[in-house]
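Just so you know, all these numbers are worked out from the coordinates, no wet-lab data involved. Fair warning: this is a prediction, and the values are worked out from it, not measured in the lab.
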Amino acid sequence: MQSNSNIQRVKNKLLVMSGKGGVGKTTMAVNLAYALSKKGFKTGLLDADIHGPNVPKMLNLEKEKLAVKGNKIIPVNIRENFKVMSMAFLAEKEKAVIWRGPLKHKLIRQFIEDVDWGELDYLVIDLPPGTGDESISISQLLNKITGSVIVSTPQQVALLDVVKSINFSREMNIPIIGLIENMAGDIFGKGRVETIARENGLNFLGSLELDKKITESGDKGKPFIVNNTYDISKSFNKITDRIILLSKQKKRKNKFKKTNSIKINNLALKDEVCWYKKA
Ligand SMILES: Nc1ncnc2c1ncn2[C@@H]1O[C@H](COP(=O)(O)OP(=O)(O)O)[C@@H](O)[C@H]1O
Ligand SMILES: [Mg+2]
């Protein structure tokens, strides 16, 4: 089931995931990939959200179409060391894409095997919310995933969904790099994601405020990290450095804990169902 293609030339594969939509996964994935490329790493960004591919919007690549050379798909090159691949480069705008499970798997396989990623230090993968087909396919097709970066807002309802992402990573044997708190502040609160990380022996990567500059930069198609004078950019740079450091560590303390319960406010929540099967 695992892919044996040029993806072998990718040193680190990072999954950006969350149980819920709208918590800032794509924003984190885009800025993380940009920050890595800015630090000189050869970086790829794979938008694996087939139904709602937002990466091109956040990078102002909406007019881009894919090129094909020989039997390889050429990703869009933003900067010398930053390549992007998204379903949006293939689909007609504003048309709902209807893909059933097996077709999605085929498409994701193409994104991994047939895209000419070349040699990469990091491939950042922006997953759709939850633990559906795309997440399962990616996890099965990529061998040796470096780890998952789980994004959550500090709201109680979002936190319940964090459990699913943590359990998914554990079930798929994907090391959890850590948790990011996004949209912290007066509206959603602050600090709860760090508490969950601590209670479950996971790394807390940092917190990013709810900030209009983030929404605006996303809408303009320019990652906020481009402007390194912003406080949010300074916070996010630290998050990126932690991710780089943890990606290097071969044995993470949270690599794979044999437990099926997650603690929130010290209440152990059982993983009620196993809704996916291993390859
Ligand atoms: N920290 C933040 N402050 C303000 N707006 C944010 C923040 N993080 C994300 N957003 C905005 O919230 C919306 C949803 O973010 P997005 O990254 O698309 O979430 P997801 O990929 O999880 O669905 C976008 O409009 C984005 O610009
Ligand atoms: Mg998204």
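Miscellaneous remarks
- Segment 77-222 - share of DSSP beta bridges that are antiparallel (%, nearest 5): 25
- Long-range amide H partners of LEU45 with built H, under 5 Å: LYS83, VAL84, MET85, VAL124
- Counting DSSP beta bridges with both ends in segment 6-270, the antiparallel % (nearest 5): 25
- Start at zero, step by 5 Å, and the Cα-Cα distances of segment 6-270 spread as 1, 6, 14, 19, 21, 17, 13, 7, 2, 1, 0, 0 percent across the bins.
- Convex hull volume per residue, computed on the Cα atoms of segment 40-154, equals 133 Å³.
- Each residue of segment 58-64 is assigned a 3J(HN,Hα), and the resulting list reads 6, 10, 6, 10, 5, 8, 6 Hz, derived from the Karplus form 6.51 cos²θ - 1.76 cosθ + 1.60 (θ = phi - 60°), x at Gly and Pro.
- For segment 71-77, 3J(HN,Hα) computed residue by residue from phi via the Karplus equation (6.51, -1.76, 1.60; θ = phi - 60°) reads 9, 10, 8, 8, x, 6, 9 Hz, glycine and proline entered as x.
- Long pairs among LYS25/LYS83; LYS69/LYS222; LYS57/LYS190; LYS38/LYS213; LYS13/LYS104; LYS20/LYS234, criterion Cα-Cα beyond 23 Å: LYS69/LYS222; LYS57/LYS190; LYS20/LYS234
- Under 5 Å, built H, 5+ apart or other chain: amide partners of ILE73: VAL115, ASP116
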